[in-house]
Amino acid sequence: MSDWLNSNNVTLIFSGVVAVSTVVYAFLTWRLTDETMKLRKAQTEPNIAVQLLPYAFNYSHMYLVVKNIGNGLAKDIRCSVEPDIVFNRGHKLSEQTYFKQIKHLLPGEKIESLLLGIEGIGSDDAENSHAIRVEYNNSENNKIVSTYMLSIGQYRSMIVANSIEAEIKQEMRKISDALQKIANQR
């Protein structure tokens, strides 16, 4: 037994343990580096979201919101819609400059547009979904494509006439009219 435990064998065993430990450590370091790179990329990627929000005082009006909910700059944003959304007596969403091309959106930045008098909102056509396709580039000019399905019909049954916002608006109009009468009397 003492021959086996001579210094050469012990050194060989410890060298093997160190070699295996080094390989395991190198593998774990590679995995940690890979995860760190993925996390860094996720923390600097833009993410453009598109949604329709009902206007509180008239359900045939909607806000179209395009927002960068990510943490990076989104550049060269291009949007398209199928089928098109028609509003304000014949205007098409696909023809609006702000919708077709947005130069850039910073993290948290948004563009809101009030679409007045959306056609067909009270009909069965409103149940159809609209596919909004968004293409944009990240800071490294990598192209990102997202598609959002938006349904105007989901807001058709909303009752907004009795909302608190409508009451506030009505009372504010009364106050404004009263102030206007006072100003006109002077």
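In segment 101-117, which residue that is farther than 27 Å from Gly90 by Cβ and either polar (S, T, N, Q) or in a loop (DSSP other than H, G, I, E, B) (or both) is least open to solvent (accessible area, probe 1.4 Å)?
Across segment 101-117, the extreme among qualifying residues is Gly108.
If we keep just the residues of segment 86-98 that are at pLDDT below 85, under 23 Å from Gly153 (Cβ atoms) and not basic (Lys, Arg), which is surrounded by the fewest Cβ atoms within 10 Å (Cβ to Cβ)?
Among residues in segment 86-98 that are at pLDDT below 85, under 23 Å from Gly153 (Cβ atoms) and not basic (Lys, Arg), the one surrounded by the fewest Cβ atoms within 10 Å (Cβ to Cβ) is Gly90.
Only one residue in Thr36, Thr29 is under 30 Å from Thr147 (Cα atoms) and either assigned to a helix (DSSP H, G or I) or open to solvent by 80 Å² or more (accessible area, probe 1.4 Å) (or both), so which one is that?
Exactly one residue qualifies, and that residue is Thr36.
Could you list, in sequence order, the residues of segment 132-163 that are modelled with pLDDT of 70 or more and assigned to a loop (DSSP other than H, G, I, E, B)?
Within segment 132-163, Asn138, Ser139, Glu140, Asn141, Asn142, Ile152 qualify.
Search segment 134-148 for residues being open to solvent by 70 Å² or more (accessible area, probe 1.4 Å) and among the hydroxyl-bearing types (Ser, Thr, Tyr), and hand back the single one that is farthest from the chain's Cα centre (by Cα).
Ser139
Quickly run through segment 63-85 and pick out the residues that are open to solvent by 40 Å² or more (accessible area, probe 1.4 Å) and either among the β-branched types (Val, Ile, Thr) or more than 12 Å from the chain's Cα centre (by Cα) (or both).
Listed by number, the residues that qualify are Tyr63, Ile69, Leu73, Lys75, Asp76, Arg78, Ser80, Glu82, Pro83, Asp84.
Is it the case, given these coordinates, that Val50 is in a helix (DSSP H, G or I) and β-branched (Val, Ile, Thr)?
When the stated conditions are applied, Val50 does not pass them.
The values are calculated or read from the model by the stated rules, or taken from the named source; none is laboratory data. The structure presented is a predicted model; accordingly, all values stated were derived computationally and were not measured. Please note: Cβ atoms are built from the backbone with ideal geometry, for glycine as well, and neighbour counts cover all protein chains shown. Accessible surface is based on the protein model in full, side chains and every heavy atom, while ligands, DNA and RNA are left aside. Shrake-Rupley method; radii C 1.70, N 1.55, O 1.52, S 1.80 Å.
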